[in-house]
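This report concerns only the one structure given below.
FYI, it's all coordinate maths here, none of it is from the lab. As the structure is a computational prediction, the values presented were derived from the model and not from experiment. We place every Cβ from the backbone using ideal geometry, glycine too, and count neighbours over all the protein chains shown.
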Amino acid sequence: MAIQKILIVDDSPTERYFLSDILIKNGYSVSTAENGEEALLKVKADKPQLILMDIVMPGQNGFQVTRAITRSAETQDVPVIICTSKGQETDRIWGLRQGARDYIVKPVDPAELLAKIAALG
């Protein structure tokens, strides 16, 4: 089934706007969360088909939230793509070990993002 509903989790209003703009222009339905706690509530309330997760956020970081989502029976089938400025290979490996399906380093290339979403759908 093609992905339609995407949740963007990022503490930066600029990043949320940038990612939302790309996705909405390409026909996706988008919701946003400013932090991990809000993301966990939104995932349970209105299950998205994909989550774009930042790592560096106040409160729970993206690694912790990704682990919570991918290890919960309720939400483990929702794929997570980490979108972060952390470009180290060790961060990428750790993110994938937390259950993320993919890892994109900011600044996000719109074509790369859309290709990765299409590959999951």
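For the chain, the tally of Lys pairs with Cα-Cα distances below 17 Å comes to 8, considering only residues 8 or more apart or on different chains. Look at the alpha carbon pairs under 8 Å that are at least 6 residues apart: their mean separation over the length of region 5-120 gives a relative contact order of 22 percent. Centre-to-centre, using Cα atoms only, region 1-17 and region 82-101 are separated by 17 Å.
As a length-normalised measure over Cα pairs under 8 Å and 6 or more apart, the relative contact order of region 68-121 settles at 34 percent. If you take all other residues with their beta carbon under 11 Å from the beta carbon of Glu15, and give Lys and Arg +1 and Asp and Glu -1, the sum is -3. Each other residue within a Cβ distance under 11 Å of Thr66 adds +1 if Lys or Arg and -1 if Asp or Glu, for a net charge of +3. Based on alpha-carbon atoms, the Kirkwood radius and the radius of gyration of region 5-120 give Rg/Rh equal to 0.91. Of the residues Thr84, Thr14, Thr75, the one that moves most in a GNM of the chain with alpha-carbon contacts below 10 Å is Thr14.
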